[in-house]
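See below for the structure under consideration.
The values are calculated or read from the model by the stated rules, or taken from the named source; none is laboratory data. The shown structure was predicted, so the numbers you read here are calculated from the model rather than taken from an experiment. Heads up, the Cβs are rebuilt from the backbone with ideal geometry, glycines too, and the neighbour counts pull from every protein chain shown. The area values use the complete protein model at the heavy-atom level, side chains included, leaving out ligands, DNA and RNA. Shrake-Rupley method; radii C 1.70, N 1.55, O 1.52, S 1.80 Å.
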Amino acid sequence: MSPRLRNLMSLEVEGVAADWTKTTCPYCGVGCGVLAKPANKTCTLAEIKGDPDHPSNFGRLCSKGAALGETLSLDGRLRHPMIDGEQRCWDDALSLVAERFRETVDCHGPDSVALYVSGQILTEDYYVANKLMKGFIGSANIDTNSRLCMASSVTGHNRAFGSDTVPGNYEDLELADLVVLVGSNLAWCHPVLFQRLAVAREKRGTKIVVIDPRRTMTCEIADLHLAIAPGGDVALYNGLLAHLTVEGQVNDEYVAAHTSGFDAAVAVAAQLSEGELQSATGLSADECAKFYALFSANERVVTVYSQGVNQSSSGTDKVNAILNCHLATGRIGKLGCGPFSVTGQPNAMGGREVGGLANMLAAHMQLSNTEHGRIVQDFWQSPRIANRPGYKAVDLFRAVGDGRIKALWIMATNPVDSLPEADLVREAIAGCPFVVVSDVERHTDTTVLGHVLLPSQSWGEKSGTVTNSERRISRQRPFVPVMGEVKPDWWQICEVAKRMGYNEGFEYAGPASIFAEYAALTGAENDGSRDLDISAYEKVTVAEYDALAPFQWPQPAGGLPRETRFFADGDFFTPDKRAYLVATPFRAPASKTSEAFPLVLNTGRIRDQWHTMTRTAKTPRLLSHYAEPFVEIHPDDARASGLEAAQLAEIESRSGRVVMRVVVTDQQRRGTVFAPMHWTDQFANNARIDALISGHTDPQSGQPESKFTPVRVQPLNARWHGFAIVTSRVEIASFDYAAIAPIAGGFRLELAGCEVPASWVELADELLQPSGPLDGTAAATQVSNRVGPVIEVVAYHDRSAGQYRFAAFCDDRCVGLFFAARGSVEISRTWAVEQLDQAFEGAERLQLLAGRPGRDVPDRGRIICACFDVGLNQITEAIASGRCDSVAAVGDELKAGTNCGSCRVEIGRLLNEGCFAEAG
Ligand SMILES: Nc1nc2c(c(=O)[nH]1)N[C@H]1C(S)=C(S)[C@@H](COP(=O)(O)OP(=O)(O)OC[C@H]3O[C@@H](n4cnc5c(=O)[nH]c(N)nc54)[C@H](O)[C@@H]3O)O[C@H]1N2
Ligand SMILES: Nc1nc2c(c(=O)[nH]1)N[C@H]1C(S)=C(S)[C@@H](COP(=O)(O)OP(=O)(O)OC[C@H]3O[C@@H](n4cnc5c(=O)[nH]c(N)nc54)[C@H](O)[C@@H]3O)O[C@H]1N2
Ligand code: SF4
Ligand SMILES: [Mo]
């Protein structure tokens, strides 16, 4: 019996697997409550539904959350510890890590080692990682992917409030009269919050402003969209502060009683001339005036901001320019108003709480404050305490590159793909003498470079807590048995710590005892002097921890739960208790466009993928929305660059090159292009977008400018294009362009080459008759290994038209298709994908080579509704025929949008703008 089955049986005996488990979604910072239950014996599938009792989502889920049950596949999991590619036991691996870290520290000092962790580990993992580095090794060289994500907000909050406090609650979005979304694509990135906002708007007519260079799906519910020039936010908000002052909209009482720095901030803001405002923001005087008037007219304003603000070389100033306007009007901490930085990752907030960043101490204490250092060291009884900042992420990998860091432990993040200057990062890691990677997946672009790989428990197996954007702490609970030898991240850290000789501080029975210790630290010598206090939980028992209901901080020991909004009556965490308005002179982005690199590359997310796709790409339906990497470009820029829709383009910056499919759209601002951050070498050839991103960072926060890189875009000189359906993963590195995505029973491939293959038949053979799944690649879903049986290939060639088509059969079943053409491959992909493993006889086999359904079967087109597999052409037809004139009517007829609702805005856009059928 497999260990997994054995574990499952014991779970069933304990009655765990039989019931719904309450847990939390592992994706975005909304932090939705999820009910989960294994749906097959091997626990590789689960039933998932939204937890109706969870105060973040009240039962709602988005497309990614709803598909969680399909991401538990064991294929591709890292199952055992490995040393130099060989499977080894835990003891060997942990001893080696401890020994190498010990040796390196002894020979080269504590700053020669580093931990690079992630907002996707649990608070308990994060807490012990930080404790090991800052309290025991004695260096602050622990940083996290939150540096790429939340650092500017953290620094902005600290500058203004004296603490990293997010003062808002989700319900404020529902109580506001005006919601301003700055650099946030809420519809795709925080979909359940977006749904809550959309419902509130329907009920009470909330006004919505979106400030984003692109017309994103979020704009579908906006009253005003300001397509701001990239990087122009500080100017826009300085203009707003000046406007509020001139118009007498300042809350003089609040400013006088609770703030300092007002005059200097206003003086700087007022320096900006009308002309400078317009050139910096790219907006007309009328557009700015409309926004300013809305802000003035509504007392209840929530400003939600995200990566369009944070990921900038003036990210911290952007944050403070926004906070200035809320402080000047006293619109903070009250029902329905306040600035609201939404967190990206499930535990970005938890990481900040336990001090995961290189410039923070634990429990919101400051590294630069010696008194705080003493409190933490006393509490930990630790031999030392770091008292100066460590390397921030970008600098950390530079220090790896030039040998200052000699031993590195990467946990739950994929820096080879997500850090700027990604090719240099890859080289740096490859050249580092000792690299440990803790991950749940065997094959990522980062695990390939690890000397030691430590297999971690994944979502569904692991147990602990996460904190969401509104400071709500929820439990992630296990509901499937632990697979193979995988272990929790906290356990890995503690075992290494003990083997390094730090026995005292790392003896924990489980996550509950770590959580209790952390809760106690938040209360240590606090007495209201620090915002973060959850010492009410310092004596939490295992049973209480297991039953822990979601709660918001602060929750100090002894007292009644404190009001969970901060700052309505001032009481900031600065020495004089006053908030500080920071003067923020406008600065242009760090890089400049030039003749050689005339366009600005903006990067971000798509609806159905999560970061480097290690988990979302396990679900074919999440790849049916977008199956390959793409670049969006305005029609005018496309024309000027000689690009057509659906062509392949090379995008080059000063530091790298990628190849992506062109999407021509007027939703893109002229002069800018947009590409998703998701595709890696595991899923495409030449599409790691961070290879292009420059290493410029914000001087205060160290956060990279991921949204502004000068690039040029030109057609790829492709001599042929191909589309294939295969049953086993194939090697893609040799193509000039390739993207691979799982489908039911196999994979779909987009291919292109700059040289015509010597033999089409040989290429077809390689693709359609591989000798089984290749090793060294990721995410093989349900690969059917067809070694042995004879495969028959039916082909159609039209040399003059440059068309080559092949279909492969095993017995009567279709086991592969390959279409190649000189121009684009004009077939229905959605249809072709569904032909795999279907039975075909005689003439039907030739019909398959037509690449589209027969006349009586409609082509559904690209999939819009991932839950019910509803395609663009079906929705278009229902609208064009006049049968459906609302999102609800489309739902009634086709079911599209009636489950998670994530596609409802897209359907709305199709209804508003008219739509055109396209090949799927
Ligand atoms: N589907 C999905 N959801 C996710 C994630 C995911 O991978 N997939 N990741 C999660 C994580 S970790 C994060 S951090 C969040 C990120 O959530 P968001 O920040 O909402 O997402 P992004 O797409 O990175 O960027 C938001 C917008 O900023 C705009 N922008 C670019 N430059 C500027 C500028 O100069 N000014 C302004 N005002 N806007 C600008 C971009 O055009 C983009 O639409 O999403 C979380 N949710
Ligand atoms: N160009 C550009 N670059 C960006 C961004 C952008 O907008 N544009 N956004 C930035 C932002 S905001 C973020 S947050 C980062 C995200 O970037 P990354 O953190 O690099 O991306 P992920 O794919 O989330 O990586 C998580 C890794 O952890 C593994 N993992 C999952 N669960 C666990 C677990 O429980 N334990 C362990 N040990 N491993 C686990 C996954 O398999 C995966 O390999 O990207 C940043 N990079
Ligand atoms: S909005 Fe979606 S991705 Fe975010 S926590 Fe909720 S279900 Fe998960
Ligand atoms: Mo993020």
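Among the listed residues L272, L178, identify the single one that is within 23 Å of G333 (Cβ to Cβ) and not aromatic (F, W, Y).
So the residue among L272, L178 that is within 23 Å of G333 (Cβ to Cβ) and not aromatic (F, W, Y) is L178.
So A229 ticks every box in (1) buried (at least 24 other Cβ atoms within 10 Å of the Cβ); (2) in contact (Cβ under 8 Å) with a residue 60 or more places away in the chain but one. Which box is left unticked?
The failed condition is (1).
Suppose we filter the stretch 660-676 for residues that are under 22 Å from the mean Cα position of the chain (by Cα) and of a type in the set (G, A, S); how many remain?
1
Tally up the residues in the stretch 905-916 that are modelled with pLDDT under 75 and surrounded by fewer than 17 Cβ atoms within 10 Å (Cβ to Cβ), please.
The qualifying residues number 2.
Would you mind stating whether A200 is surrounded by fewer than 24 Cβ atoms within 10 Å (Cβ to Cβ) and out of contact with any Lys or Arg (no Cβ under 9 Å at 6 or more places or on another chain)?
Considered against the rule, which asks whether it is surrounded by fewer than 24 Cβ atoms within 10 Å (Cβ to Cβ) and out of contact with any Lys or Arg (no Cβ under 9 Å at 6 or more places or on another chain), A200 comes out as yes.
Considering only the stretch 353-366, state which residues are open to solvent by less than 10 Å² (accessible area, probe 1.4 Å) and outside any helix (DSSP H, G or I).
V354, G355, G356, L357, A358, L361, A362, A363, M365
Is it fair to say R374 is within 16 Å of ligand 4 (Cβ to nearest atom) and of a type in the set (K, R)?
No: the conditions fail for R374.
Would you mind finding the one in G138, G119 that is in contact (Cβ under 8 Å) with a residue 60 or more places away in the chain and in contact with a Ser or Thr (Cβ under 6 Å, 6 or more places away or on another chain)?
The conditions single out G119.
Looking only at the stretch 112-165, how many residues end up being within 16 Å of ligand 3 (Cβ to nearest atom) and over 24 Å from G464 (Cα atoms)?
Result for the stretch 112-165: 0.
Could you check the stretch 28-66 and list, in sequence order, the residues that are of a type in the set (A, V, I, L, M, F, W, C), in contact (Cβ under 8 Å) with a residue 60 or more places away in the chain and either within 16 Å of ligand 2 (Cβ to nearest atom) or in a strand (DSSP E or B) (or both)?
Correct list: C28, V30, A36, A46.
Taking the options P478, P550, name whichever one is touching a strand residue (DSSP E or B) at 6+ places or on another chain (Cβ under 6 Å), open to solvent by 30 Å² or more (accessible area, probe 1.4 Å), modelled with pLDDT of 95 or more and over 30 Å from D576 (Cβ atoms).
P550
Of the residues L72, L78, L61, which is open to solvent by less than 10 Å² (accessible area, probe 1.4 Å) and either away from ligand 4 (no atom under 16 Å from the Cβ) or not assigned by TED's automatic domain parsing to the domain that holds T465 (or both)?
Unique residue meeting the criteria: L78.
Please count how many residues of the stretch 437-461 are touching a helix residue (DSSP H, G or I) at 6+ places or on another chain (Cβ under 6 Å) and either free of Cβ contacts under 8 Å to residues at least 24 places away in the same chain or over 24 Å from A684 (Cα atoms) (or both).
Of the residues in the stretch 437-461, 3 are touching a helix residue (DSSP H, G or I) at 6+ places or on another chain (Cβ under 6 Å) and either free of Cβ contacts under 8 Å to residues at least 24 places away in the same chain or over 24 Å from A684 (Cα atoms) (or both).
Scan the stretch 335-354 and report the pairs whose first residue is farther than 28 Å from D569 by Cβ and at pLDDT 95 or above and whose second residue is within 13 Å of ligand 3 (Cβ to nearest atom) and among the β-branched types (V, I, T), with Cβ atoms within less than 8 Å and a gap of 6+ or a chain change.
Pairs found: P346/T24; P346/V466; N347/V466; N347/T467.
Inspect all residues belonging to the stretch 609-616 and state whether any of them is buried (at least 17 other Cβ atoms within 10 Å of the Cβ) and away from ligand 3 (no atom under 16 Å from the Cβ).
No.
Can you pull out every residue in the stretch 89-126 that is within 15 Å of ligand 2 (Cβ to nearest atom), under 30 Å from the mean Cα position of the chain (by Cα) and open to solvent by 10 Å² or more (accessible area, probe 1.4 Å)?
Matches in the stretch 89-126: Q120 only.
So in the stretch 719-773, with the set limited to residues that are aromatic (F, W, Y) and in a strand (DSSP E or B), which one is nearest to R661 (Cα to Cα)?
Among them, the one singled out is Y737.
Mind counting the residues in the stretch 133-154 that are in a helix (DSSP H, G or I) and within 15 Å of ligand 2 (Cβ to nearest atom)?
8
Looking only at the stretch 249-265, count every residue that is assigned to a strand (DSSP E or B) and open to solvent by less than 30 Å² (accessible area, probe 1.4 Å) and tell me the total.
1
Has the stretch 683-691 got at least one residue that is assigned to a strand (DSSP E or B) and either not assigned by TED's automatic domain parsing to the domain that holds Y391 or not charged (D, E, K, R) (or both)?
yes
Which ones in the stretch 411-441 are away from ligand 4 (no atom under 16 Å from the Cβ) and among the hydroxyl-bearing types (S, T, Y)?
Listed by number, the list holds a single entry, S438.
For the stretch 392-465, which fully contained helices (runs of 4 or more DSSP H) count at least 3 residues that are within 11 Å of ligand 2 (Cβ to nearest atom)?
It comes to 415-418.
Here are L599, L622: which of them is of a type outside the set (S, T, N, Q), in contact with a helix residue (DSSP H, G or I) (Cβ under 8 Å, 6 or more places away or on another chain) and more than 16 Å from ligand 3 (Cβ to nearest atom)?
L599
Provide a single number: the residues in the stretch 586-623 that are among the hydroxyl-bearing types (S, T, Y) and assigned to a strand (DSSP E or B).
1
Restricting to the stretch 232-248, name every residue that is open to solvent by 20 Å² or more (accessible area, probe 1.4 Å) and in contact with a Ser or Thr (Cβ under 8 Å, 6 or more places away or on another chain).
H243, E247
Of the residues that make up the stretch 182-205, is at least one aromatic (F, W, Y), touching an Asp or Glu at 6+ places or on another chain (Cβ under 9 Å), within 16 Å of ligand 2 (Cβ to nearest atom) and outside any loop (DSSP other than H, G, I, E, B)?
Checked against the condition, which is being aromatic (F, W, Y), touching an Asp or Glu at 6+ places or on another chain (Cβ under 9 Å), within 16 Å of ligand 2 (Cβ to nearest atom) and outside any loop (DSSP other than H, G, I, E, B), the stretch 182-205 yields at least one hit.
Yes/no matrix, rows are residues, columns are (1) within 16 Å of ligand 1 (Cβ to nearest atom); (2) among the aromatic types (F, W, Y); (3) in a loop (DSSP other than H, G, I, E, B):
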position	(1), (2), (3)
V659	no, no, no
V663	yes, no, no
Q667	yes, no, yes
W679	yes, yes, yes
I693	yes, no, yes
P699	no, no, yes
S706	yes, no, yes
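Can you name the residue in the stretch 708-718 that is away from ligand 1 (no atom under 15 Å from the Cβ) and either assigned to a strand (DSSP E or B) or within 18 Å of the chain's Cα centre (by Cα) (or both) and is also farthest from P213 (Cα to Cα) among such residues?
Residue satisfying both the conditions and the ranking: P715.
With away from ligand 3 (no atom under 16 Å from the Cβ), out of contact with any Lys or Arg (no Cβ under 6 Å at 6 or more places or on another chain) and not β-branched (V, I, T) as the only criterion, which of L186, L236 stands out?
Only one candidate qualifies: L236.
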